[in-house]
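The values are calculated or read from the model by the stated rules, or taken from the named source; none is laboratory data. The model shown is predicted, which means the values in this text are computed figures rather than measured ones. Because the Cβ atoms are built from the backbone with ideal geometry, glycine has one as well, and the counts that use them run over all protein chains shown.
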Amino acid sequence: MSFESLGLSPDILRAIADAGYTEPTPIQAQAIPVVLSGKDVMAGAQTGTGKTASFTLPMLHKLAVHQNTSTSPARHQVRGLILAPTRELAAQVEASVRTYSKYLSLRSTSVYGGVHIDPQIAELRRGVEILVATPGRLLDHLHQKSVNLSQVEFLVLDEADRMLDMGFMPDIRRIFSYLPPRRQNLLFSATFAEEIKRLANDFMHDPQLIEVARRNATADTVTQVAYPVGNDHKRRLLAQIIKNEKLEQVLIFTNTKTGANRLAHQLIHENINAVAIHSDKTQQARMQALAEFKEGKIQALVATDIAARGLDIDDLPCVVNFELPHSAEDYVHRIGRTGRAGTSGKAISLVSPEEKRYLSDIEKLIKRVIPLEAMPGFGAERLVEVAGKDHYHERSKERARPVAARKVEPEPRIEPELALELAPDTEIKRAPIRRPGQKREVAALLLPPRSIPATE
Ligand code: AMP
């Protein structure tokens, strides 16, 4: 399948070619024709699947009728509105809009909190066709009347599940009241909680459902491994892993802002160039850290979940969970930062005995066992504590599988005395693991009924 066959205009095809894309990703191949046909779309797609282009390209194609070079603000009404949960994602989506619209005379901008509102007001007053916004800051603009949404033709809710988690649903519903009833609606979400289905029911018109990857699936391109370690030794182990594996660019997750600050300081002491990003940092500091990380000036970016949401870093080789997230779905989001667009990546988790239950929640959700490796001097004695007796045996079965049938996971480094313990012949029940070539499970049951009554 080619982009040409999807019916996109030559100006857009040229921009896609400049971006180096040769063929559409599965979500693009499925969503673009449906969006072009004018239907509402509800899509289950995670970051890293190419979802941004799947809604931006057909939206730009349809909005191209509004192209003009007039300086009059009245000729540049907001026609496409994209709501995103975080500042970083909003800025990133807008950068994609600019990339794909470089040969079109359409204006775009993004507005989000944490920065001065005045320059945003000035830009909105000059007029834009495509606006990418976080919900809270958009409401500020609506209250100040710096933006008019009465001409919106496209509404996109990007990462709707994240917006739900972050408590944006009341804001989003308030924003709906500023929009005209006749418009095309697109909703993208990695997961479909009941409240997302209710929201979809309330604002979408008979949406076409599209899903490209199993809900909560982790990409096969990411090799996952866990190291058992006591909390007191995590920092030392992390520094050793970074050095041993010669990690030049690593994104590290902590569960708290103070934890992120402390860890970044400690890594600097170990001669690892590290910076923390979280919601207490100014927007400028976060953007600068991200830019320097992308350029390779910063080796380790230590982030909380919120700060890292939606981050798109080309060819990020490794993600480390310094602490396991308490919500298993956050694990899927975290490790989805690596192994994107078909590249390979590694996700390393440092697991203390106290975090054992989070590890099993994650394994239940992703329906695979994460191999445990023991780093000499750090966790051999912790292995049984973390794994538990049964789990321990499960892992031994996992290891017993022939190498050819497994993904490209490195052979675990096991100390000899552990290897003996890791080879019991006990029969155990193991979580199903998808083997290469095995069909994906499609979560049709997780999606709402095909016909959703229009309420607007
Ligand atoms: P997204 O899921 O929208 O965050 O996109 C993930 C990454 O895939 C981004 O870096 C895009 O630039 C890249 N990408 C999107 N579509 C394609 C494509 N058709 N071919 C190659 N890369 C793509």
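For the reader, a short list of remarks on this structure follows.
- All positions within the range 364-378 that are under 18 Å from SER352 (Cβ atoms) and in contact (Cβ under 8 Å) with a residue 60 or more places away in the chain: ILE370, PRO371, LEU372, GLU373, ALA374, MET375, PHE378
- Subset of the range 167-182 (residues that are touching a helix residue (DSSP H, G or I) at 6+ places or on another chain (Cβ under 7 Å) and either in a loop (DSSP other than H, G, I, E, B) or not β-branched (Val, Ile, Thr) (or both)): PHE168, MET169, ASP171, ARG174, PHE176, TYR178
- Some residue of the range 321-332 being part of a loop (DSSP other than H, G, I, E, B), within 16 Å of the ligand (Cβ to nearest atom) and modelled with pLDDT of 80 or more: no
- For the range 1-21, taking the residues that are in a loop (DSSP other than H, G, I, E, B) and within 23 Å of ASP158 (Cα to Cα), the one that is nearest to the ligand (Cβ to nearest atom) is identified as TYR21.
- Looking at GLY44, GLY48, just one residue is on the phi > 0 side of the Ramachandran plot and at pLDDT below 95, and that residue is GLY48.
- Flag if VAL147 is over 23 Å from VAL35 (Cα atoms) and not in a helix (DSSP H, G or I): yes
- Residue count for the range 22-49, restricted to those that are part of a loop (DSSP other than H, G, I, E, B), over 24 Å from ILE335 (Cβ atoms) and within 13 Å of the ligand (Cβ to nearest atom): 3
- Pick from the range 132-181, criterion out of contact with any Leu (no Cβ under 9 Å at 6 or more places or on another chain) and closer than 25 Å to GLU211 by Cα, ranking: surrounded by the most Cβ atoms within 10 Å (Cβ to Cβ): ASP161
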